[in-house]
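Worksheet: the structure to be examined is printed underneath.
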Amino acid sequence: AVADYKTCVAIATKAALREMVMPGFIALVAPFVVGIGFGPWALAGMLMGAISSGFLLAVMMANAGGAWDNAKKYVESGTSGLGGKGTALHAAVVTGDTVGDPFKDTSGPALNILIKLTSVVALVFAPAFTSTFTRDFYWVAIIVFVVAAAVAIAWRVYLKKTDPKIDFLAEQGGKAATKPKKPAGAAPDHDDDHDDDEKGTLLRERPSVNLKDASDSD
């Protein structure tokens, strides 16, 4: 069957946009709640924590994604001595590269935008966070927090109800490929035993990787 790339990209893009609403909403509301409810020093601590933790997480994602990507290229180069394409090892590194590409190209850089958005919101509302902080307006922070929590819960419920159900068996008439139930006392299915034997054979035939030999060949 021919892969439907257009539909695949559309599904992934729509899901990503829907899931990014909540992090953006938190980045907008959190500085205001912390600044009004706990004062400017607490807001400064939150910003320092967001910047430091976000930076470390972004660096980890960039390095891990690059490592996964380079591992696939190394196995596919043919000079690694690890078997090349068509092996179980190649299938494993392709799976790692599938996660590594978004790590280093999208998720990691997106943390920079999240940090910047939080900092800009705190800067815009800076006049409201005076150095002579009092708890006279703590009720404003409580109201904002309760409203934000209600909006977040409502959004999650909306996502759950409107999440499209993908029928991966549509081409087969929408019928799930389930095995019929066996009657009580029926003989065991030899096909299942054959499948288990095949899996065991594949596992035994999987090429072993000697990392020491690979490093010596380099």
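The values are calculated or read from the model by the stated rules, or taken from the named source; none is laboratory data. This is a predicted model, so every value here is computed, not measured. Cβ placement follows ideal geometry from the backbone for every residue including glycine, while neighbour counts extend to all protein chains displayed.
Consider Val59 carefully, then state whether it is farther than 30 Å from Ile142 by Cβ and of a type in the set (A, V, I, L, M). Yes, satisfied. Report yes if some residue within the range 28-36 is surrounded by fewer than 16 Cβ atoms within 10 Å (Cβ to Cβ), of a type in the set (A, V, I, L, M, F, W, C) and part of a helix (DSSP H, G or I); otherwise report no. Yes: one or more hits. So which pairs qualify, if the first residue must be in the range 12-23 and modelled with pLDDT of 85 or more and surrounded by 13 or more Cβ atoms within 10 Å (Cβ to Cβ), the second must be hydroxyl-bearing (Ser, Thr, Tyr) and part of a helix (DSSP H, G or I), the Cβ gap must be under 9 Å, and the two must be at least 6 apart or on different chains? Within 9 Å, the pairs are Arg18/Thr162. On the given criteria, is Leu82 more than 24 Å from Val120 (Cα to Cα) and surrounded by 19 or more Cβ atoms within 10 Å (Cβ to Cβ)? Against the criterion (more than 24 Å from Val120 (Cα to Cα) and surrounded by 19 or more Cβ atoms within 10 Å (Cβ to Cβ)), Leu82 qualifies. Scanning the range 47-62 for residues that are free of Cβ contacts under 8 Å to residues at least 60 places away in the same chain and surrounded by 13 or more Cβ atoms within 10 Å (Cβ to Cβ) yields Leu57, Ala58, Met61, Ala62. The set of residues from the range 132-169 being among the charged types (D, E, K, R), at pLDDT 80 or above and surrounded by 10 or more Cβ atoms within 10 Å (Cβ to Cβ) comprises just one member, Arg156.
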